[in-house]
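The values are calculated or read from the model by the stated rules, or taken from the named source; none is laboratory data. Please read all numbers here as calculations on a predicted model, not as lab measurements. Neighbour counts are summed over all protein chains in view; Cβ atoms, including those assigned to glycine, are modelled from backbone coordinates with ideal geometry.
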């Protein structure tokens, strides 16, 4: 595909700029969210998007799928959603010629490249868990048979932070499967004026497909080959260790603010994410700045603030900022 890895790294940086420009035809603002989504995609990671309704989360994800030429499915999570509604089910069929009965598997929406799990906390844990195997193992098990999902496979889940009534908070084990927890904020006044003008004019922008699935898989492997200085790995690991209660490494200023800290998967994601950020910037190796850039999104959902911290209005973001 490319003559060498340096040429491929340069190509990825150029394609990243083109992707951002193409996405901006539909999505105004949200630069940081778009950056993190692309970083997670090239790291084979999944993303949890947290934001109030109406901030174009669904539109952003479908637009991303279009410019990357990926299959896109959306699941609206509800309290009565069953695991079979996600992974698929077997139905009994009759062969018209032989009159013999047989089971036929009907694929669920999880069989795609980009899966939007909308309001994932509105469904019970049993159904939430149906995504666990798909996210971690990239396959699903139906009636004892393993079925491989197509690569790339990218889960983007949304949560509404306002309404907590009738919701089922994600278990810590499932939260840990998400590479990033990204907060989607309101647009600025200037951006909102532009949004209103563009969305009420009747014009529909035409999006170009800028990447193939083969290229995405190639770039995902390229990210893992990026060399990282030992000092950067050590920084990332020490940063995560500073969140762990009951260890000698915990940051002294937050001892009473944390009930539970981040696990080794956080360290892995910090390094993987830093590699991808460096490549997208046009660098061939990350430094500590790239680790810091993604630290909040990686650690936000892996730190459990204590009751004392919550009573004082101290969030996970505040704790991470203290450590940084």
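Which members of region 257-293 meet the condition of being in a loop (DSSP other than H, G, I, E, B) and over 29 Å from residue 18 (Cβ atoms)? I'd like the intermediate steps shown before the answer.
Taking region 257-293 and keeping what is in a loop (DSSP other than H, G, I, E, B), we get 257, 261-263, 282-287.
Passing the criteria: 257, 261, 262, 263.
Taken over region 28-50, the residue count meeting the criterion of being buried (at least 16 other Cβ atoms within 10 Å of the Cβ) and assigned to a helix (DSSP H, G or I) is 10.
With respect to the conditions (1) closer than 27 Å to residue 4 by Cβ; (2) at pLDDT 95 or above, residue 284 falls short on a single one, namely (2). Is it true that residue 65 is in the same structural domain as residue 129 (by TED's automatic domain parsing) and either in a strand (DSSP E or B) or over 18 Å from residue 157 (Cα atoms) (or both)? So residue 65 fails the test. Of all residues in region 178-194, those that are in the same structural domain as residue 29 (by TED's automatic domain parsing) and under 17 Å from residue 317 (Cβ atoms) have Cβ atoms under 7 Å from Cβ atoms of residues that are modelled with pLDDT under 90 and assigned to a helix (DSSP H, G or I), 6 or more apart or on another chain, in 184/57. Looking only at region 10-27, residues that are in a helix (DSSP H, G or I) and free of Cβ contacts under 8 Å to residues at least 60 places away in the same chain come to 6 in all. Counting only helices (runs of 4 or more DSSP H) wholly contained in region 110-195, the ones carrying 2 or more residues that are under 29 Å from residue 211 (Cα atoms) occupy 130-137.
Of the numbered conditions (1) at positive phi; (2) surrounded by 22 or more Cβ atoms within 10 Å (Cβ to Cβ), residue 290 fails exactly one; give the number of that condition. Exception for residue 290: condition (1). Applying the criterion of being modelled with pLDDT under 90 and assigned to a helix (DSSP H, G or I) to the residues of region 294-316, the residue that is nearest to residue 31 (Cα to Cα) is 316. Which residue is farthest from residue 152 (Cα to Cα), if the candidates are limited to region 88-114 and must be modelled with pLDDT under 90 and crowded, with 18+ Cβ neighbours inside 10 Å? In this case the residue turns out to be 88.
Every listed requirement among (1) at pLDDT 85 or above; (2) part of a strand (DSSP E or B); (3) more than 19 Å from the chain's Cα centre (by Cα) is met by residue 85 save one, (2). Can you name the residue in region 51-82 that is buried (at least 18 other Cβ atoms within 10 Å of the Cβ), farther than 22 Å from residue 22 by Cα and touching a strand residue (DSSP E or B) at 6+ places or on another chain (Cβ under 7 Å) and is also modelled with the lowest pLDDT among such residues? Step by step, filter region 51-82, then rank; the result is 51.
Can you go through 248, 286 and tell me which one is over 23 Å from residue 175 (Cβ atoms) and free of Cβ contacts under 8 Å to residues at least 40 places away in the same chain? Break it down stepwise before answering.
Values: 286 fails: free of Cβ contacts under 8 Å to residues at least 40 places away in the same chain.
Step by step, each of 248, 286 is checked, and only 248 is over 23 Å from residue 175 (Cβ atoms) and free of Cβ contacts under 8 Å to residues at least 40 places away in the same chain.
Out of curiosity, is residue 198 more than 30 Å from residue 125 (Cα to Cα) and touching a residue at least 12 places away in the same chain (Cβ under 8 Å)? So residue 198 fits the description; yes.
Residue pairs whose Cβ atoms lie under 7 Å apart, separated by 6 or more positions or on different chains, with the first residue in region 255-267 and touching a residue at least 40 places away in the same chain (Cβ under 8 Å) and the second surrounded by 23 or more Cβ atoms within 10 Å (Cβ to Cβ) and assigned to a loop (DSSP other than H, G, I, E, B), are 258/243; 258/303; 261/243; 261/303; 262/243; 262/303. Name every residue in region 199-250 that is within 27 Å of residue 8 (Cβ to Cβ), modelled with pLDDT under 90 and assigned to a helix (DSSP H, G or I), in order of residue number. Within region 199-250, no residue meets the criteria.
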